[in-house]
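Worksheet: the structure to be examined is printed underneath.
The values are calculated or read from the model by the stated rules, or taken from the named source; none is laboratory data. None of these values were measured; they are calculated from a predicted model. Cβ placement follows ideal geometry from the backbone for every residue including glycine, while neighbour counts extend to all protein chains displayed.
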Amino acid sequence: MSLPLLTAVTPRFEAELVTKLGSSRSVHVVRRCADLAELLGAAAAGVGRVAVVSAELRGLERSAIRELHERDLLVLGVHRPGDEPGERMLRRWSVPVVVPADADQAQLDAALAELLDAGHAPDDATADHTTADHTTGDQDVREAADEVTTPHTAAPGDGARGRPERTPSRSQEGPDAEGRVVAVWGPVGAPGRSTVAVNLAAELAEPGQPVILADLDTYGASVAQLLAVLDEAPGVAAAARAADQGNLNPAVLSTMAPEVAPGLRVLTGMPRPDRWTELREHALADVLAACVQSVPLTVLDTGFCLEADEELSFDTAAPRRNGATLAALEAADEVVVVGAADPVSLQRLVRGLDQLAEVTDARTTVAVNRLRAGAVGRDPTRRVREALERFAGVTDVVLVADDQSGVDAAVLAGQTLREARPSSPARAGLRELATRVSGRVLTPPRGGRLARRTGSI
């Protein structure tokens, strides 16, 4: 059986390479794609089973290779003769078999035999396919491999060359093997997600318990402004680019996440909302994987929108503006849901909890921010608890007192409440939230006992 093959190769080598591929009994060329977008569109349509890409293809990056793998395509890489950096780049991007573009017929047949003998894409890229799809696809590949004219005997481990080792899950390694991820999310309406995320991370950060705070809000990133960090080169974008290039590791990540307080590192967000396309989901998944390898806890400040329908507007695989938030929630071990203590915000919180349940099954902790009597009446603690229990079934909620002057002073100084206003009444709720998230006893606060006014506002 001959498998359908797609090509996306730079014009200089395309004609000769396609002629040689056409002479192979294991594959037949069904489409010569002019660019990466056409290749991804054809892959999404199920036109091919094998893809040939060149290292010089405009726009090619690791996420595109992973998308081809997720479509269950086998990927053969080609590079200019003598282009060792191009060869290394393709292998870093998990292309298992790479050949020079001027390879003769025997070399090309041997490379196809090696690719087909492996029989599947890298292990970490096939999770979304059903067992039936794999069974049919693998059978086709095995039949095609048997018909290759020039047999190829792979050396031990040769078939897996260039594949990343799969990272064991937390359940396989034990609860303390990797860091945890906490996503801070809240519905539309600015309930104080970023303020809670920044101060939650600050309460948890210690020199011996470092924390990474990453700003993944693609609508209104503000962590850099809250902490007075220069963000001319946003850290999260730099980390995503390094991930796409296959260069991201904990050491590289540390250079992109400056330490703004003892134990607290920050990956700043996009300074302009129109740059959201730089935060691709595949790359962010790699960034978060590097975070959990680097620190015990990663706190993510996310956007409000959970819609995932951008693909309806495109004929091919489309970037998703909300992909960063959805990727964060998918990676999260726990989600802190932030709502504000006023009638409109509480209604949005109730509806938001229903939406959130559709996209993640992670444990959630509800935090109601800006608790004050002026917004909900006398005894705001009781009123908020009763409202959430009645309309959302939430019986356990963390309340954060309103301290607008304290928050204003902290933002003006580019500091956290822990630094600027250690006796702020808001810190009592934030520290309770931090204790629940971390499961450990926090160090006593600097500046004396925290004021607790949430029950008598």
Residues (within 17 Å of Arg193 (Cα to Cα), out of contact with any Ser or Thr (no Cβ under 8 Å at 6 or more places or on another chain) and in contact (Cβ under 8 Å) with a residue 60 or more places away in the chain) located in the stretch 361-377:
Thr365, Ala367, Arg370
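Yes or no, residue by residue, for (1) closer than 18 Å to Arg12 by Cα; (2) at pLDDT below 90; (3) outside any loop (DSSP other than H, G, I, E, B):
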{"residue": "Leu40", "(1), (2), (3)": "no, no, yes"}
{"residue": "Ala43", "(1), (2), (3)": "no, no, yes"}
{"residue": "Gly48", "(1), (2), (3)": "no, no, no"}
{"residue": "Leu60", "(1), (2), (3)": "yes, yes, no"}
{"residue": "Ala64", "(1), (2), (3)": "no, yes, yes"}
{"residue": "Leu68", "(1), (2), (3)": "no, no, yes"}
{"residue": "Asp72", "(1), (2), (3)": "no, no, no"}
{"residue": "Leu76", "(1), (2), (3)": "yes, no, yes"}
{"residue": "Pro81", "(1), (2), (3)": "yes, no, no"}
Looking at the stretch 195-216 only, could you name the residues that are within 15 Å of Val182 (Cβ to Cβ) and surrounded by fewer than 24 Cβ atoms within 10 Å (Cβ to Cβ)?
Gln209, Pro210
Which listed residue is modelled with pLDDT of 90 or more, of a type in the set (Gly, Ala, Ser), in the same structural domain as Ser405 (by TED's automatic domain parsing) and not in a strand (DSSP E or B), from Ala221, Ala183
Ala221
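Does Ala34 satisfy the criteria of being in a loop (DSSP other than H, G, I, E, B), under 16 Å from Leu6 (Cβ atoms) and either outside the structural domain of Leu279 (by TED's automatic domain parsing) or under 25 Å from the mean Cα position of the chain (by Cα) (or both)?
Details: in a loop (DSSP other than H, G, I, E, B): yes; under 16 Å from Leu6 (Cβ atoms): yes; either outside the structural domain of Leu279 (by TED's automatic domain parsing) or under 25 Å from the mean Cα position of the chain (by Cα) (or both): yes.
Spelling it out, Ala34 is indeed in a loop (DSSP other than H, G, I, E, B), under 16 Å from Leu6 (Cβ atoms) and either outside the structural domain of Leu279 (by TED's automatic domain parsing) or under 25 Å from the mean Cα position of the chain (by Cα) (or both).
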Restricting to the stretch 82-91, name every residue that is surrounded by fewer than 19 Cβ atoms within 10 Å (Cβ to Cβ) and in contact with a Pro (Cβ under 9 Å, 6 or more places away or on another chain).
Gly82, Asp83
List the number of the failed condition for Val30; all other conditions in (1) within 24 Å of Pro85 (Cα to Cα); (2) among the aliphatic types (A, V, I, L, M); (3) touching a helix residue (DSSP H, G or I) at 6+ places or on another chain (Cβ under 9 Å) hold.
(1)
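Restricting attention to the stretch 346-354, does a residue exist that is in the same structural domain as Val211 (by TED's automatic domain parsing), of a type outside the set (Val, Ile, Thr), within 20 Å of Leu200 (Cα to Cα) and not in a helix (DSSP H, G or I)? So that I can check it myself, show each step before the final result.
Our first condition is that a residue be in the same structural domain as Val211 (by TED's automatic domain parsing); within the stretch 346-354, this holds for 346-354.
Those still in the list that are of a type outside the set (Val, Ile, Thr) too: 346-349, 351-354.
Subset that is within 20 Å of Leu200 (Cα to Cα): 349.
Right, trim to not in a helix (DSSP H, G or I) and you get none.
No, the stretch 346-354 contains no residue that is in the same structural domain as Val211 (by TED's automatic domain parsing), of a type outside the set (Val, Ile, Thr), within 20 Å of Leu200 (Cα to Cα) and not in a helix (DSSP H, G or I).
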